[in-house]
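Here's the structure, in structure tokens; my notes come after.
The values are calculated or read from the model by the stated rules, or taken from the named source; none is laboratory data. Because the structure is predicted, anything quoted here is derived from the model rather than measured. For neighbour counting, all protein chains shown are included, and Cβ atoms are generated from backbone atoms with ideal geometry for every residue, glycine included.
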Amino acid sequence: MKVVIAGGSGFLGRPLAAALTADGHDVVTLTRVAPAARGANRNAMAAADGSAKASAERSAAWTPDGRTGPWASEIDAAGAVVNLAGESIAGSRWTAAHKRRILDSRVQATRSLVAAIRGAATPPRVFVSGSAVGYYGPLDDEIATEDTRPGSDFLAGVCVQWEAEAARAASDRTRVVGIRTGLVLERDGGALPEMLPPFRFGAGGPVGSGRQYWPWIHRADWIALVQWALQRPEASGAFNATAPNPVTNRDFARALGRAVHRPAFMPAPAFALRIMLGEMADALLLSGQRAVPARAERLGFRFRYPRIDEALDALFGHA
């Protein structure tokens, strides 16, 4: 199957593309720059030493400005499209300009993909579009399933508009899946490497009160969930991409301390985080959602790492 991935060079898109390629799919990554020589170089090296198969992954340039372009020919007759495009949420302090980029990058990229899908003679059978558990806004200990109403803060508003754009691709020929992603854990990127330095120096611990829930997922499970959604005709609508057992920030810190064999009792004061990060501190660190993957589990998806100690042990057990 041909799979087109927008945002396929990032922390999630890169390993997803590799996994799909390893499964024999033809993967096309949409990139804002000219098509990279990455795939060609990899194929040339493989052919030179005979040690690996030539990659089926390639890239195509696109401009995600809400319109289509020559790149839309990649969408026509593709089996699936995966949308992971968007400005980094935690890349810099949330100025008004950066918040506008966060919203526009997601809405415009999704609008471009939807226009290409709707204009295709043979549209993809499935459109998997990113979203986030920030959809639910800050919650206390209320369990958030996919049926929970959206919140009213900035990130919730972004997710609502993002998902509304994606839903426009739905038809009797294309099903739409929304992946509401939580805190994705892996050692080579995402939030986890940023958490480690205090623990390495024995100064790790909870953030703020530590009572806020952090809905996490091992990246291997996130990839498996997307692959599963691509293949399951009955999978449509929103899915929480979170492990079945969300934990409070305090329990997360303790589990991380155990995994790296360091103490985890030094709290990071909320006021200091707000001084350093502004509005972003409350949205990303000092609040959270007790989100659970109710729909995926109901349809039979099984997590390899359902508990935080299992996930962190897999990441650090051989460190």
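One residue stands out in region 75-109 among those that are part of a helix (DSSP H, G or I) and either in contact (Cβ under 8 Å) with a residue 60 or more places away in the chain or more than 19 Å from the chain's Cα centre (by Cα) (or both): the one that is farthest from residue 11 (Cα to Cα), namely 96. Any residue that is in contact (Cβ under 8 Å) with a residue 24 or more places away in the chain, under 26 Å from residue 294 (Cβ atoms), crowded, with 21+ Cβ neighbours inside 10 Å and touching a helix residue (DSSP H, G or I) at 6+ places or on another chain (Cβ under 7 Å) - is there at least one of those in region 201-208? Scanning region 201-208, I find no residue that is in contact (Cβ under 8 Å) with a residue 24 or more places away in the chain, under 26 Å from residue 294 (Cβ atoms), crowded, with 21+ Cβ neighbours inside 10 Å and touching a helix residue (DSSP H, G or I) at 6+ places or on another chain (Cβ under 7 Å), so the answer is no.
Scan region 158-197 for residues that are among the β-branched types (Val, Ile, Thr) and either touching a strand residue (DSSP E or B) at 6+ places or on another chain (Cβ under 6 Å) or in a strand (DSSP E or B) (or both) and jot them down. It would help to see each step written out before you state the result.
The first filter runs over region 158-197 and keeps only residues among the β-branched types (Val, Ile, Thr), leaving 158, 160, 174, 176-177, 179, 181, 184.
Hits for region 158-197 are 174, 176, 177, 179, 181, 184.
If you filter region 268-284 down to residues that are out of contact with any helix residue (DSSP H, G or I) (no Cβ under 6 Å at 6 or more places or on another chain) and crowded, with 19+ Cβ neighbours inside 10 Å, you find that the one that is nearest to residue 195 (Cα to Cα) is 268. Just one of the numbered conditions (1) within 20 Å of residue 195 (Cβ to Cβ); (2) crowded, with 20+ Cβ neighbours inside 10 Å; (3) in contact (Cβ under 8 Å) with a residue 24 or more places away in the chain is not true of residue 265: (2).
Close contacts from region 136-156, counting a first residue that is in contact (Cβ under 8 Å) with a residue 40 or more places away in the chain and within 20 Å of residue 297 (Cα to Cα) and a second that is among the polar types (S, T, N, Q) and assigned to a strand (DSSP E or B), with Cβ to Cβ under 6 Å and a gap of 6+ residues or different chains, come to 146/240. Inclusion of residue 124 among residues that are part of a loop (DSSP other than H, G, I, E, B), under 22 Å from residue 21 (Cβ atoms) and modelled with pLDDT of 95 or more is warranted.
Which ranges mark the helices (runs of 4 or more DSSP H) fully within region 204-319 that have 1 or more residues being closer than 19 Å to residue 132 by Cα? Break it down into steps so the answer makes sense when it comes.
On the way: elements: 219-231, 249-260, 270-277, 294-298, 308-316.
Per the criteria, 219-231, 249-260, 294-298.
Of the residues making up region 153-162, not one is crowded, with 23+ Cβ neighbours inside 10 Å and acidic (Asp, Glu). All of (1) touching a residue at least 24 places away in the same chain (Cβ under 8 Å); (2) under 20 Å from the mean Cα position of the chain (by Cα) hold for residue 118 with one exception: (2). For residue 271, the conditions (1) under 15 Å from the mean Cα position of the chain (by Cα); (2) free of Cβ contacts under 8 Å to residues at least 12 places away in the same chain are fulfilled apart from (1). In this structure, residue 115 does not satisfy being within 17 Å of residue 179 (Cβ to Cβ) and in a helix (DSSP H, G or I). If only one of 253, 259 is surrounded by fewer than 22 Cβ atoms within 10 Å (Cβ to Cβ) and aliphatic (A, V, I, L, M), which one is it? Matching residue, one of 253, 259: 259. Checking each residue in region 285-301 for being surrounded by fewer than 18 Cβ atoms within 10 Å (Cβ to Cβ) and farther than 30 Å from residue 235 by Cα picks out no residue at all. Of the residues in region 16-34, at least one is in a helix (DSSP H, G or I), among the hydroxyl-bearing types (Ser, Thr, Tyr), under 23 Å from residue 221 (Cβ atoms) and at pLDDT 95 or above. Taken over region 163-196, residues that are modelled with pLDDT of 95 or more, closer than 20 Å to residue 241 by Cα and buried (at least 17 other Cβ atoms within 10 Å of the Cβ) amount to 15.
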